[in-house]
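Below: one structure, written as structure tokens.
The values are calculated or read from the model by the stated rules, or taken from the named source; none is laboratory data. Everything quoted here is computed from the prediction, not taken from an experiment. No Cβ is skipped: glycine too gets one built from the backbone with ideal geometry, and neighbour counts run over all protein chains shown.
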Amino acid sequence: MSTTTLIDPGIIEEGWKILVEKMGLQKATQFVISLERGKGDSVQEINEYWGDASIDEIHNKIMGWKTGQKLKSGKNI
């Protein structure tokens, strides 16, 4: 994922911090790498995956996954 001068670097930093906080370093890195590979259209893939889900629905689903992972492993992932 290349950045251009049109993107505020602060947004990228904030987004990375949020990804790491919510997903953990390993999964956040895997997520970013999957977008950077340049295979296909990542925007289209994300749209196909989430469809018309609202940001709240996406957040709730991610938090549900995270809670489920904590319960299964007994630790924060």
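Here are some notes:
- For first residues located in the stretch 31-51 and over 24 Å from Glu21 (Cβ atoms), partners that are at pLDDT below 70 and part of a loop (DSSP other than H, G, I, E, B) and lie 6+ apart or on another chain with Cβ distances below 9 Å form the pairs Gly38/Met1.
- Taking the stretch 48-64 as the range and being more than 20 Å from Gly24 (Cα to Cα) and either small (Gly, Ala, Ser) or touching a helix residue (DSSP H, G or I) at 6+ places or on another chain (Cβ under 9 Å) (or both) as the test, the residues that pass are Trp50, Gly51, Ala53, Ser54, Glu57.
- Restricting the stretch 1-31 to residues that are at pLDDT 75 or above and outside any helix (DSSP H, G or I) leaves a set whose member that is farthest from Gly68 (Cα to Cα) is Asp8.
- Residue in the stretch 32-43 that is polar (S, T, N, Q), at pLDDT below 85 and not in a loop (DSSP other than H, G, I, E, B) present: yes
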